[in-house]
Amino acid sequence: MDLFTIGFPVALTLINVAYCFLGVFLGTFVGVLPGISGLTAVALLLPLSYHLDPTTAIIMLGGLYYGAEYGGSTASILLNLPGTASNAVTCLDGYPMARQGRAGPALFITSVASFIGAAIGTVLVMFLAPLLAKFALSFHSAEYFSAMLLGLVAAGTVGQGRRIKSVAMVVLGMTLGMIGIDTNTGVFRYTYGIANLYDGFPIVILAMGFFGVTEVINSINRIKFVAEVGDVSLRSLMPTAEDFRRITKPMMRGAAVGSFFGPLPGTGPTIASFIAYAVEKKCHKDEDRFGKGAVEGIAAPETANNAAVQTSFIPTLTLGIPGSATMAVMLGALLVHGIQPGPKLIVEQPELFWGVIASFWIGNIFLLILNIPFIGLWVRILKIPYKFLYPCILCMICIGVYSLNNSAFDVGMVIIFGVFGYLLKLMDFEPAPMLIGFILGPMVEQNFRRSMVITHGDFWALFERPITATFLILTLVLLVWMIYGSLRESR
Amino acid sequence: MGGGYYPMILGATSIVLGIFIGVMGWREKGRIPSFNLLPLVAVFAGLSSFVLLIDRVGIIPAVCALILVGSLAGHEKNWTSTVLLAFVFSILSWLIFSIILELPVVGVRGLI
């Protein structure tokens, strides 16, 4: 087993355990606080990760990502305010449980459900990623082009909100990703003679603007200071035996839903949790119990979002295609270190791949400890008023971006993206698909051009390759479905 | 295929999508989204003052300006704690970035 011979020796080195703990600790911290998402946290720590070894960097950023899923449910249950978007559905039954004086068991169940989801997700990564990588070894530029095109279209069509607006955001992301010198011809594109734009700009700037600054503007004066959130002592946490009996099957169903939606491009944990809740409701005859504090209604979505987070590493690490916007940012971190994830990653960099997977186990055990015995700490963090929090977030955004290149110009770009992102958010344009477009756009172009060189410019020759043809047809089906859906919506 | 091929495809797609979204929006009943104007302006001004000050005057005044101007966004104001926050954060960021990480940033130009 490579996990034990290669993975754990890497993950158990002092520095990696320390950064894993830092990642999950900060992840829970930002997860608990409404108004900062896991993605913003990943973007905030990205400048720090540039100074780290790539394996350590991904261990830390990964810990942030799945740690935020654990923390997010705390605010959902206690405040009826989701800590992160993927915990929104937990409010539906978690908050009623808290109102009935069962906040403790609710917090306990979500932590256990999160752990089970993460464990099942990690096992799937261990077995499916090497298989997918072996399959993808035969991929050429044509297959990559079609797989990435499918990813882009899926990012626009499967997400939340109006599909056509998501597609427009994907295209906007691709356009922004194109800025800079064209590697094939040496032509400057959309640089307008500004020297800072000649090499394009890193995804951190986009993520800090569209998520960090936008979230701050959106949250100021909307997140109220909470004086009292109730007492959560260790003794009050224990669920009843009846609760345990009830959540076993919902957790399995949640894990299945999460593992299915996690690796799909453009879906991710938020959609997985909503669908898991819907599925759970369908599975019970006494549907009207849901929304009134049913334990099944918190167990299923919390398992699903954690399973989705872990399995979203499968396409990112084996194909270089991010499954969610957060994964797109993490992919950006790997690219900075000169690592292009792909099917050869597991063979060429086994320390990175297995080390990161081993760190999932370590990190999730840390999280279980942080979220059950130490839950009181996080409940107290909920009482930090947002008016003190947001100046600190703004400060970290500015200094983080400035430290990338010692360039005030980069911070200026963050401001423009932040204001623009807020205006777009007002008009219901979701920024997540844009990040996927930004990171996939240049890769799609490169692979398309390479395959056109091979086929001498004959586009239809792509359909002679069975895998490429399958991907292209799927893309077409999705597009038709999107257009049909949009026409029906607008009627 | 030159360097302009891909931008042209994206541009054309954007135009088509834009027209489509515009027509859709025109045909349905709209709602005017509630606008968080004060935070938008305050955050914009705060961040801009950071950009203007960091290279010219240094990291300590830049962070102070960012926090003080940015704090104008909140309805409830507590100037004592905000000033304290600005002071602590600016010194802290100067220590971390100029002293520990040795980035080429000055604390206050001409002084430290």
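The values are calculated or read from the model by the stated rules, or taken from the named source; none is laboratory data. As the structure is a prediction and not an experimental result, all values here were calculated from the model. Every residue, glycine among them, receives a Cβ derived from its backbone with ideal geometry; neighbour counts consider all protein chains shown.
Would you check if there is a residue in region B:25-38 being assigned to a helix (DSSP H, G or I), of a type in the set (Phe, Trp, Tyr) and more than 7 Å from chain A (Cβ to nearest Cβ)? Yes, some residue in region B:25-38 is assigned to a helix (DSSP H, G or I), of a type in the set (Phe, Trp, Tyr) and more than 7 Å from chain A (Cβ to nearest Cβ).
For (1) facing chain B (nearest Cβ under 9 Å); (2) farther than 14 Å from A:VAL213 by Cα; (3) in contact with a Gly (Cβ under 8 Å, 6 or more places away or on another chain), each residue gets a yes or a no:
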{"residue": "A:ALA408", "(1), (2), (3)": "yes, yes, no"}
{"residue": "A:VAL411", "(1), (2), (3)": "yes, no, no"}
{"residue": "A:ILE415", "(1), (2), (3)": "yes, no, yes"}
{"residue": "A:VAL419", "(1), (2), (3)": "yes, no, no"}
{"residue": "A:TYR422", "(1), (2), (3)": "yes, no, no"}
{"residue": "A:GLU430", "(1), (2), (3)": "no, yes, yes"}
{"residue": "A:LEU435", "(1), (2), (3)": "no, yes, yes"}
{"residue": "A:PHE438", "(1), (2), (3)": "no, yes, yes"}
{"residue": "A:MET443", "(1), (2), (3)": "no, yes, yes"}
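Listed by position, the helices (runs of 4 or more DSSP H) inside region A:361-474 whose residues that are at pLDDT below 85 and surrounded by 17 or more Cβ atoms within 10 Å (Cβ to Cβ) number at least 3 are A:375-381, A:386-405.
Residues of region A:347-388 that are farther than 20 Å from A:VAL309 by Cα and touching a Gly at 6+ places or on another chain (Cβ under 7 Å): A:TRP378, A:TYR386, A:LYS387.
Please go through region B:19-61 and pick out each residue that is of a type outside the set (Phe, Trp, Tyr), under 13 Å from the mean Cα position of the chain (by Cα) and within 15 Å of B:PHE89 (Cβ to Cβ). Step through it out loud before you land on a result.
Here is the first cut: in region B:19-61, the ones of a type outside the set (Phe, Trp, Tyr) are B:19, B:21-25, B:27-34, B:36-43, B:45-49, B:51-61.
Cutting the leftovers down to under 13 Å from the mean Cα position of the chain (by Cα) gives us B:39-43, B:45-49, B:51-52.
Residues satisfying the conditions are B:GLY46, B:LEU47, B:SER49.
Within region A:292-320, the only residue that satisfies the criterion of being within 13 Å of the chain's Cα centre (by Cα) and assigned to a loop (DSSP other than H, G, I, E, B) is A:SER312.
When you scan region A:444-468, how many residues do you find that are in contact with a Ser or Thr (Cβ under 8 Å, 6 or more places away or on another chain) and aliphatic (A, V, I, L, M)? Final tally of qualifying residues: 4.
Annotation: of all residues in region B:76-95 being over 21 Å from the mean Cα position of the chain (by Cα) and either among the aliphatic types (A, V, I, L, M) or assigned to a loop (DSSP other than H, G, I, E, B) (or both), the one that is farthest from the other protein chains (Cβ to nearest Cβ) is B:LEU95. Residues of region A:182-196 include none that is surrounded by 19 or more Cβ atoms within 10 Å (Cβ to Cβ), in contact (Cβ under 8 Å) with a residue 12 or more places away in the chain, within 11 Å of another protein chain (Cβ to nearest Cβ) and not basic (Lys, Arg).
Can you name every residue in region A:152-198 that is under 30 Å from B:MET24 (Cα atoms) and at pLDDT below 85? Correct list: A:ALA154, A:ALA155, A:GLY156, A:THR157, A:VAL158, A:GLY159, A:GLN160, A:GLY161, A:ARG162, A:ARG163, A:ILE164. Given the structure, is A:ILE321 in contact (Cβ under 8 Å) with a residue 40 or more places away in the chain and surrounded by 24 or more Cβ atoms within 10 Å (Cβ to Cβ)? Yes: the conditions hold for A:ILE321.
Identify all residues within region B:58-75 that are modelled with pLDDT of 80 or more and either at the interface with another protein chain (Cβ under 7 Å from one of its Cβ atoms) or loosely packed, with under 14 Cβ neighbours inside 10 Å (or both); write none if there are none.
Of all residues in region B:58-75, those modelled with pLDDT of 80 or more come to B:58-73.
Passing the criteria: B:VAL63, B:LEU66, B:ILE67, B:GLY70, B:SER71, B:ALA73.
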